[in-house]
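S.K.: Supplied in structure tokens, the structure appears directly below.
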Amino acid sequence: MSKLVVVRRVLEIIVTLVLVTLVTFFFTSKLPGNEAAVICGPAGPACLAKEGALLYLNHPFFPRYLHWLGNLFSGTFGLSAAPTEPIATLLKQSYPITLELVIFSQLIAIVVAVPLAMYSAVRPNKVFDRMSTAATFATLSLPAFIVGPLLRYFFTVKLPWFPGAGSTMPSIGVNPAQNLYVMFLPSLTIAVGSIAVYQRLLRADMIATLEEDFIVMARAKGLTTWRILFRHALRPSTFTVMTVGGVQIGSLIVGAIIGEQVFGLTGLGYQLVLAVTKADLPTVQIITVIVAVAYILMNLIIDFLYTVIDPRVRRARTT
Amino acid sequence: MSRKRHVRDIDDLEDRPLLEVENLKTYFQTGHGIVKSVDGVSFDLERGRTLAIVGESGSGKTVLSRSVMGLLPPQNVIREGRVRFGDVDLTNASPQELRGLWGAQISMVFQDPVTSLNPVVRAGRQITESLRYHLAMSRQDAKETAISLFRSVGIPEPENRMQWYPHQFSGGMCQRIVIAAAIACGPKLLLADEPTTGLDVTVSAQILDLLNRLQQERYMSVIIVTHDLGVVTGRSDDVIVMYAGQVVERAPTTTLFRDARMPYTEALLKSAPRLSNPSHTRLHTIPGNPPNPANLPKGCRFAPRCPYVQPKCREEEPPLRQAEAPRHWYACWYPVGTPEGVRALEENQAAGVPAAMGVV
């Protein structure tokens, strides 16, 4: 990417970030209730005045926004309302869980969907294709709040192959095997919804790619089907999957809530629900911003991946 | 790590041509019935010689070239007849055997070089992959071979260009890369399917000269499929003229240009522009369209458009007959340049048959 493009991208990101924070703060500040009241609970007006001053509640919108933004960029993220503690502490415990859940679940989805899609595309509308299409559609119509409890019931209670909800989970750096063991079922719960999406999209693109002249030429070179599929057909077929995957992963940061709830994991989604029920506005605001930033980052990564996968995009961007 | 070669070695049979095609048929099952794209084609080709297959769009020439090779879609295809290549019967070869031949012993150069190259794979690797797979070359050997191939097909700065992607090359350069990929493993037979159709005239002449030179250097047999008789002149030893899936005339190139017998060949020769004509001469056209290959007329398939047509033509299909010149065959009841042919044309002109009126 040329310098100009990088500069333009950075400017775009800055503008998006400003808008996201502004909109988030504007709407959450218009919600009924005020943070000071949540913090003080039954305590008296002295407390309300003190907390109100700390939160800049008596200031007009813009100074209040700038104050909040300052907290955001200082990395402390301010204090949550109930109980009063630095939001940063809260996030430090919950974001690795969500991050892992998102990555692990998408890895599972890709590992399952890619071979299914490729094999379906090689023999479209034959028995295997129809069966895998039916199966993935079935999973698409199963919401996570059904899949999660079912998986939990069958694989922790009926067949105790996996640890139940609320099991102690070492961080992935300390004991990766145990960590992945505990995370497998929640990740699978979330993965189920993504498998069908990836399988359908990749299958369709793959069928189109296999009609291309360069595939005929690869066949004429005498290469095996396996080589043609992986070396020639897979990469040019991944654009739609990547685009949708980016959106999918962004939405999963909140979408992981169900997986987290069912298996008792205290990730970001769990924290967000908790904060909403407790009317903990500062936490809600921060998590909303984090989700937005995650979207922006995902899009940036996807844009970068396009250039890795397709040299023509690389050139279009430099010229 | 020792690598395995994937080549089916072939032996030339003594006193027999490299390639023999016998009554080859290729039908496609479609929603509109059976399409007879290739309908009983026979020919043979000696080592080191060039055969041109000429015909208009839809005459089945591209399908013929793919059918010879066995490179057809896996489904809804009926292929009958025999294709012998060296000591291998291509019509009965297993998929594994075919893969050992494709790219190694038989190669194909495609019509559209730009879409025939994988857009996301570097040019060099599109050459080295065959070398590594078929000939089990090491990475370094394959790279050096590919560079020398690039050089021999006339790509400047081959070391650099190896790293380029197809979209960075012009159409003519892409065709040179496709040719380099096709000849990489030293095939005995090269099929070129309209190799110059997408290119402009000067580039297309260069590509044809390149193919000629490579053929002589490597002693390959070449089949050039084309709709352009100009491509054929001076570059091919023999010509096959196809119409509606059949061979209607087959002759050594000079014989065909001097002594065409089949009215369709005559019409094709007339419709090519000539430098000897005064400028702004109207080009001759063949009235009508080729028949629908799913619904072929009875008798001679060219009859509906033929200036020489007689009642017999609409009833009986003419077989391939030998002409006086050696190795010259044609399928016509009233051949051009014979007394029957002249009479048939005069009768038609007198009767005002539209197809005959344009012929002078």
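S.K.: Which of rounded, prolate or oblate describes the range B:227-360 when judged by the alpha-carbon gyration tensor and an a/c cut-off of 1.5?
M.R.: In terms of gyration-tensor shape, rounded.
S.K.: Let me ask something additional. Rounded to the nearest 0.05, what FRET efficiency do residue B:275 and residue B:206 give with R0 = 22 Å and r taken as the Cβ-Cβ distance? Could you check?
M.R.: Efficiency computed from Cβ-Cβ geometry: 0.70.
S.K.: Further, regarding this structure: Under a crude label model (7 Å from the Cα following the beta-carbon direction), how far is residue B:23 from residue A:153 in nanometres?
M.R.: Placing both labels 7 Å along Cα→Cβ, they lie 6.8 nm apart.
S.K.: In terms of modelled amide H atoms, which long-range or inter-chain residues lie less than 5 Å from the amide H of residue B:191?
M.R.: B:107, B:108, B:109, B:223
S.K.: Give the aspartates and glutamates reachable from residue A:50 as a straight Cα distance under 15 Å; neighbours fewer than 8 places away on the same chain don't count.
M.R.: A:35
S.K.: As an exercise, use a Förster radius of 60 Å and the Cβ-Cβ distance of residue A:227 and residue B:282 to find the FRET efficiency, rounded to the nearest 0.05.
M.R.: Efficiency computed from Cβ-Cβ geometry: 0.70.
S.K.: Binning at 20 angstrom from zero up to the longest distance, how are the C-alpha pair distances of chain B distributed in percent?
M.R.: 28, 54, 17, 1
S.K.: Counting only helical runs of four or more DSSP H residues, what would the 222 nm mean residue ellipticity of the protein assembly as shown come to if each run contributes -39,500 (n - 2.57) and the total is spread over all its residues?
M.R.: That calculation yields -16500 deg cm²/dmol at 222 nm.
S.K.: Same structure again: Hey, could you pull the Cα Rg and Dmax for the range A:1-155, both in Å?
M.R.: Spelled out, the Cα radius of gyration and Dmax of the range A:1-155 are 24.3, 74 Å.
S.K.: Cα-Cα pairs above 21 Å in the range A:3-74: how many percent?
M.R.: Tail fraction, whole percent: 41.
S.K.: Next question, about the same structure. Using all Cα-Cα distances in the range B:83-135, what percent lands in each 5 angstrom bin from 0 up to the longest?
M.R.: Histogram of Cα-Cα distances, whole percents per bin: 4, 16, 21, 22, 17, 13, 7, 1.
S.K.: Per 10 Å bin, what is the whole-percent P(r) computed from every C-alpha pair distance within the range A:89-318?
M.R.: Going out from 0 Å in 10 Å bins, the range A:89-318 shows 7, 27, 31, 22, 10, 2, 0 percent.
S.K.: If Lys and Arg each add +1 and Asp and Glu each add -1, what is the summed charge of the other residues whose beta carbon sits under 10 Å from the beta carbon of residue B:75?
M.R.: Local charge sum for residue B:75: +2.
S.K.: State the extension gain, in nm to one decimal, for the chain segment bounded by residue A:58 and residue A:251, taking 0.36 nm per residue of separation less the distance between their alpha-carbons.
M.R.: My answer for the length gained is 66.0 nm.
S.K.: Per-residue HN-Hα couplings for the range B:147-155, Karplus 6.51 cos²θ - 1.76 cosθ + 1.60 at θ = phi - 60°, whole Hz, x for Gly and Pro?
M.R.: With the stated coefficients, the range B:147-155 comes to 4, 5, 5, 4, 5, 6, 9, x, 9 Hz.
S.K.: Rounded to the nearest 20 debye, what is the charge dipole size of chain B about its Cα centre when +1 sits on each Lys and Arg Cβ and -1 on each Asp and Glu Cβ?
M.R.: For chain B, the charge dipole is close to 760 debye.
S.K.: Residue B:5 versus residue A:73, label points 7 Å from Cα toward the beta carbon: distance in nm?
M.R.: The two pseudo-label positions are separated by 6.9 nm.
S.K.: How high is the FRET efficiency between residue B:317 and residue A:5 when r is their beta carbon distance and R₀ equals 56 Å, given to the nearest 0.05?
M.R.: 0.30
S.K.: Quick check on packing: order A:113-124, B:78-89, B:61-72 by the mean number of other C-beta atoms within 10 Å, highest mean leading.
M.R.: B:61-72, A:113-124, B:78-89
S.K.: Looking at the protein assembly as shown, I'd like the Rg to Rh ratio, where Rg is from alpha-carbon atoms and Rh is Kirkwood's inverse mean 1/r.
M.R.: 1.15
S.K.: Ordered by residue, what ³J(HN,Hα) values in Hz, to whole numbers, does the range A:193-203 give under the Karplus form 6.51 cos²θ - 1.76 cosθ + 1.60, where θ = phi - 60° and Gly and Pro are x?
M.R.: Per-residue couplings from phi come out as x, 8, 4, 4, 4, 5, 4, 5, 5, 5, 4 Hz.
S.K.: In what sequence, highest mean first, do B:155-161, A:94-100 appear when ranked by Cβ atoms within 10 angstrom?
M.R.: By packing density, highest mean first, the sequence is A:94-100, B:155-161.
S.K.: Could you tally the net charge around residue A:119, taking each other residue with its Cβ under 11 Å from the Cβ of residue A:119, Lys/Arg +1 and Asp/Glu -1?
M.R.: Net local charge, residue A:119 excluded: +2.
S.K.: List the lysines whose alpha-carbon lies under 29 Å from that of residue B:61, not counting same-chain residues fewer than 8 positions away?
M.R.: A:221, B:25, B:36, B:188, B:270, B:298, B:312
S.K.: Rounding to the nearest 20 debye, state how big the charge dipole of the protein assembly as shown is about its Cα centre with +1 on each Lys and Arg Cβ and -1 on each Asp and Glu Cβ.
M.R.: Charge dipole, the protein assembly as shown, about its Cα centre: 960 debye, nearest 20.
S.K.: Same structure, new question: Given H placed 1.01 Å from N in the peptide plane, which residues other than close sequence neighbours of residue B:239 have an amide H under 5 Å from its amide H?
M.R.: B:52, B:251, B:253
S.K.: Moving to a separate point now. Taking square-rooted eigenvalues a ≥ b ≥ c of the alpha carbon gyration tensor, is the range B:36-123 rounded, prolate or oblate, where a/c under 1.5 means rounded and, failing that, a/b exceeding b/c means prolate?
M.R.: rounded
S.K.: Would you mind checking which residues have amide H under 5 Å from residue B:299's amide H? H placed 1.01 Å from N; only 5 or more apart, or other chain.
M.R.: Those qualifying (amide H under 5 Å, at least 5 residues apart or on another chain) are B:317.
S.K.: Rounded to whole Å, give me the distance from the Cα center of the range A:93-134 to that of the range A:235-263.
M.R.: 11
S.K.: If you don't mind, another one. So for the range B:29-76, Kirkwood radius off the Cα pairs, Stokes-Einstein at 4 °C and 1.567 mPa s: how many µm² s⁻¹?
M.R.: The diffusion coefficient I find is 103 µm²/s.
S.K.: Also: What share of the DSSP beta bridges in the protein assembly as shown is antiparallel, in percent to the nearest 5?
M.R.: Looking only at bridges with both residues in the protein assembly as shown, the antiparallel portion is about 60 percent.
S.K.: Using θ = phi - 60° and the Karplus form 6.51 cos²θ - 1.76 cosθ + 1.60, what ³J(HN,Hα) does each residue of the range B:7-24 get, whole Hz, x for Gly and Pro?
M.R.: 10, 8, 6, 10, 10, 6, 7, 5, 6, 10, x, 4, 10, 10, 10, 10, 6, 6
Every number in this text was worked out from the coordinates using simple rules, so none of it is lab data. These figures come from a predicted structure and were not determined experimentally. Here the Cβ is made from the backbone with ideal geometry for all residues, glycine too, and neighbour counts use every protein chain on show.
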